[in-house]
Amino acid sequence: MFDKNKYKSTIGFTDMLFNILLGFAFLFIVAFLLIKPEAKKEDFERRAEFVVVMEWDNDASGDIDLYVEDPTNKQVSFRYHNHNYMHLDKDDLGAMNDTVVNADGTISTVKINREVVTIRGIIKGEYVVNGHYYSLRSYDKVNPPKPNITVRVELHKVNPYSIMWVGEKEFNHRGQEETFLRFRLDKDGNILPPFTFEKKKFVTPMQALGNYTAPPTGAAAYEDGDPAR
């Protein structure tokens, strides 16, 4: 004989079991959403205090050189990559060293015009950051590129990270040298305001080196005021 009460009891148990499973599923979803992703660790440890970055138009063929002088009057540039705690990562020649020939003979080009100076330790006193228009680096006599180049300099503090200063200047002739900024550090590596911008020359004019009738090849670093062409 059919027992209606037994049938109702089975339905009630099934409903209760379903609700329990539904509750567990809901709690699992909530718990999953509350899980915080592990904070990404740095790709590498930066053993530096400050980084000076100079960039210019990526499509420009021109060669702009970064100069940084520390409080001991030592400079880093393409001529001297290392002095005291300062190091120049690369002498970027503009378009000239943007292209490489691969092992299979194919050509790869990375259009990045950038020079970086890393300051790995603190020397109390004033630092000076300059840019110098070394060469246009173009041999196209038919359609020569325009000499005007926008140059950007950034000063980064590494620990803790922050961008301390950003500025741009226009360069329009070979031999042009500009002081972007001067900044002072105390013994603990803190920047002492204000930033100053008094010009200081690092590149020696050709006439100061002797009686030259014509500059030798590649001597644009000794020239001042010559049109870039």
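The values are calculated or read from the model by the stated rules, or taken from the named source; none is laboratory data. In this text the structure is predicted, and so the values were computed from the model without any measurement. Glycine gets a Cβ as well: all are built from the backbone with ideal geometry, and neighbour counts include every protein chain shown.
Counted as qualifying within the range 28-146 are the strands (runs of 3 or more DSSP E) with 2 or more residues that are in the same structural domain as Phe180 (by TED's automatic domain parsing) and either closer than 30 Å to Asn159 by Cβ or at pLDDT 95 or above (or both), namely 50-56, 63-69, 86-88, 114-119, 125-135. Among the residues of the range 146-176, those that are free of Cβ contacts under 8 Å to residues at least 60 places away in the same chain and within 13 Å of Asp65 (Cα to Cα) comprise Arg174, Gly175, Gln176.
Are there any pairs, at least 6 apart or on different chains, whose C-beta atoms fall under 6 Å, with the first in the range 179-207 and on the phi > 0 side of the Ramachandran plot and the second modelled with pLDDT of 95 or more, and if so, which? Pairs that qualify, where the first residue is on the phi > 0 side of the Ramachandran plot and the partner is modelled with pLDDT of 95 or more, are Gly189/Glu49; Gly189/Ile122.
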